[in-house]
1. Restricting the search to the stretch 95-109, which residues are surrounded by fewer than 16 Cβ atoms within 10 Å (Cβ to Cβ) and of a type outside the set (A, V, I, L, M, F, W, C)?
2. List, please: which pairs have Cβ atoms under 7 Å, are six or more places apart or on different chains, and start with a residue in the stretch 196-214 that is part of a loop (DSSP other than H, G, I, E, B) and end with one that is of a type in the set (Asp, Glu)?
3. Enumerate the pairs (first residue in the stretch 216-235 and among the basic types (Lys, Arg); second residue anywhere and surrounded by fewer than 17 Cβ atoms within 10 Å (Cβ to Cβ) and in a helix (DSSP H, G or I)) with beta-carbon separation below 9 Å, excluding pairs fewer than 6 apart on the same chain, so at least 6 apart or on different chains.
4. Could you figure out which of (1) more than 16 Å from the ligand (Cβ to nearest atom); (2) crowded, with 23+ Cβ neighbours inside 10 Å isn't true of Pro7?
5. Do you know which of the residues in the stretch 33-57 that are without any contact (Cβ under 8 Å) to a residue 24 or more places away in the chain and acidic (Asp, Glu) is farthest from the ligand (Cβ to nearest atom)?
6. Condition first: touching a residue at least 24 places away in the same chain (Cβ under 8 Å), charged (D, E, K, R) and out of contact with any Ser or Thr (no Cβ under 9 Å at 6 or more places or on another chain). Now tell me which residues in the stretch 103-128 satisfy that.
7. Evaluate the following for Tyr92: is it hydroxyl-bearing (Ser, Thr, Tyr), more than 24 Å from Ile264 (Cα to Cα) and either part of a helix (DSSP H, G or I) or open to solvent by less than 30 Å² (accessible area, probe 1.4 Å) (or both)?
8. Report yes if some residue within the stretch 161-178 is within 16 Å of the ligand (Cβ to nearest atom), assigned to a loop (DSSP other than H, G, I, E, B) and either polar (S, T, N, Q) or under 20 Å from Val13 (Cβ atoms) (or both); otherwise report no.
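The values are calculated or read from the model by the stated rules, or taken from the named source; none is laboratory data. In this text the structure is predicted, and so the values were computed from the model without any measurement. Here Cβ is always computed from backbone atoms with ideal geometry, including for glycine, and neighbour counts include all displayed protein chains. For the accessible areas, the whole protein counts, side chains as well, though only heavy atoms, and no ligand, DNA or RNA atoms are used. Shrake-Rupley method; radii C 1.70, N 1.55, O 1.52, S 1.80 Å.
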Amino acid sequence: MTNKLIPLKIAGVGYSVPEKIITNEDLKELYDTSDEWIYTRTGIKERRVVCGEESAIDLGFKAAQNAIAKAKINVEDIDLIIAASSAPVDLYPAMACRIQAKLGIKNIPAFDVTAACSGLIYTLDMAKAFISSGMYKTVLIIAADNNSRLCDWEDRSVSILFGDGAGAMVVTQSDDGIDDILSIDIRADGSLGEFITLPLTGQNCPLVEPCEQKPSYVKMNGKEVYKFVVKVLPEYIDKCLKEANMKAEDVDYFIPHQANQRIIDAVQQRLGYSDEKVISNIKYYGNTSAASVPIALAEGVESGKIKLPSTAILCGFGAGMTWGVAIVRLREGIC
Ligand code: UT7
């Protein structure tokens, strides 16, 4: 007996970013840096940061509402919520549960995935597995991060890079037999874990030894991350294109994780893509971790750079190290 896999539809995509903008010029108040250094090394001019009590949960909630509106579904139709972030706001309750409560949905499963900046691709792969097996019909995936709370704002090599934001996707069973996932693959290599870390140090029991409060910030070996990604990503994208029976020129857009403009440029060159095909908004948002791919997608449509219907290569990479690629069909009206 063969089990027929159910095709998946990307039904809606939304995003949300905080109002507050911090420019490269503003950062000069914190340490010795310049707009020129930051822009030439990273392509970043400014980033958005949360203020007051605002967090990735609020951003994720708004992104989810936008994706649900685009998908034209009711919240009651959602069977499962998966939230991805590099660092959830709380270890528990899960971000997915917090957003579930804000959406007013009860009695469905909701959980978090930490796959760093590959989070959207990881959760899309999981949604595909759940939907194609027939286990769930409608899955809400949310990618949200508030990195600005986790950076050491005295470390100029890391804190310049990150910004806050959220993206969300509603994925459902396809109603026309067409599968919007042309190819998808996720990977990890834990032996490279030290490249990017955010330890949750905690404290030993004071009866064991005196407590020492250790600060916990994002640490990154930027050079090693850069070398790894530029080496691995182009060949990996080629492999995913082959699996989709496509050539690079068959795909309309490349929507990569927004980590560094030089990484995006290097992969663009390997794909032989013109600037029109490559979606980059790192200049205005910095690296929003798990959220960067859905923000780039939804904002790219909103700004008119991405035309629908079309096809796109989505790719993420980050701490773990994790990485993933999805080649997808983008239908009219999804963002
Ligand atoms: O989603 C996570 C994925 N992460 C990434 O993709 C990160 C990839 N890597 C990078 O983007 C780059 O490695 C960085 C932009 C983070 C750093 O660029 P780099 O060319 O690797 O610079 P570096 O860290 O080697 O620093 C070069 C110099 C140093 O000075 P000396 O030692 O040569 O005198 C730094 O102290 O630049 C100095 N520097 C700065 N100067 C001005 C470091 N940060 C700054 C700064 N402003 N903000």
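1. Lys102, Gly104, Lys106, Asn107, Pro109
2. Going by the 7 Å Cβ cut-off, there are no qualifying pairs.
3. Lys219/Glu194
4. (2)
5. Going through the qualifying residues, I end up with Glu53.
6. Passing the criteria: Asp125, Lys128.
7. So Tyr92 fails the test.
8. yes
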